Amino acid sequence: YGTKAAAPEQKVRTKERRVPQSLEEVDNTQILGFGADLAEDHPGFKDQAYKDRRMAIADIARAHRVGDPIPRLEYTSEELHVWNTVLRELRGLYPDGACAEFQRCFPLFDFKEDVVPQLEDLSQILKRETGWQIRPVAGLLHPRDFLNGLAFKTFHSTQYMRHPSKPMYTPEPDLCHELLGHVPMLADPDFCDMVHSIGVASLCADDSQIWHLTKIYWFTVEFGIVLEGYEKKAFGAGILSSYGEMEHMRTGKADYVPFDPHAKQPKMSYKDGYQNRYFVLKSFKDGAQKLREYCSDITPPDIMARFLHKVTPALTDDP
Ligand code: NLE
Ligand code: FE2
């Protein structure tokens, strides 16, 4: 739990920064790293045609307005090849490596090897299943905006494909990562509750709390593992979308640590390849409960009540 002494300062900061009242007020234009300029160690660094294609797709995301359907993209045969390579490889690993919720939700999307799925269609399925939706974004979004989007049950998703030279692993989000890693999980209500709590906590968070929440997000939604009996199964999108990472996680060479949102979270690694430590949840219900408690330390009860409709009585008590 956060210290009580931190509360007055928090309130001041909340006043300074207006809590977004609607998704329109969540900015989707502040893109970090990658996106515009690919780093030297990015597989697409020397590939101008790849970079141009990325820019064209980024423009579509920038022009998108909330409420409009997400524009459909025509993918090239090279992009289709990346998609079906990744889908084929991962499909074979899911029965053993992915959590039960993923296995239940994955077939809802009916992914086919011969066509790259469109964000708009998947967003419609999510709306039906859990009330979540997809909003296109040009690249890695600023963490505050990204996390705020989750409070509005909105997942910001890229629409470009990873570089064809390295289908098994990419250091940044791309369409394969979003579609195979994130989208199926967002059709599971308990998982969504957990992610929603992270989003609601972010609405009133100061900058250091945003950083902490970003790490919580990273070690759960991106790289989390859940226990099924004694078996560790992936639910983190960064594992589910990378057959390299999935195999690495399954070999047991990394550390496995119980998840605790209050604990100091380790450094996130974006570029050094696979994770050397994974956090393990007992269940999504348990994770959601823990995150809701964490959220109630940061978020005033009225905002909690407005965004998390079914607030548990113990958490609504105003101190
Ligand atoms: N390494 C992941 C993949 O290859 O799909 C992407 C991680 C994005 C945070
Ligand atoms: Fe991701």
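General observations
- Top-ranked residue in the range 227-250 [being without any contact (Cβ under 8 Å) to a residue 40 or more places away in the chain and more than 11 Å from residue 274 (Cα to Cα); ranked as nearest to ligand 2 (Cβ to nearest atom)]: 231
- Positions within the range 158-175 being within 11 Å of ligand 2 (Cβ to nearest atom), more than 16 Å from residue 223 (Cβ to Cβ) and out of contact with any Pro (no Cβ under 6 Å at 6 or more places or on another chain), in sequence order: 174
- Screening the candidates 74, 178, 101, 113 for the property of being in contact with a Phe, Trp or Tyr (Cβ under 9 Å, 6 or more places away or on another chain) and surrounded by fewer than 18 Cβ atoms within 10 Å (Cβ to Cβ) yields one hit, 113.
- Residue in the range 66-80 that is over 20 Å from residue 135 (Cα atoms) and of a type in the set (Phe, Trp, Tyr) present: no
- Among residues of the range 176-190, those that are of a type in the set (D, E, K, R) and within 11 Å of ligand 2 (Cβ to nearest atom), counted: 1
Every number in this text was worked out from the coordinates using simple rules, so none of it is lab data. In this text, all values refer to a predicted model and were calculated from it rather than measured experimentally. Every residue, glycine as well, gets a Cβ built from its backbone with ideal geometry; the counts of neighbours run over all protein chains shown.
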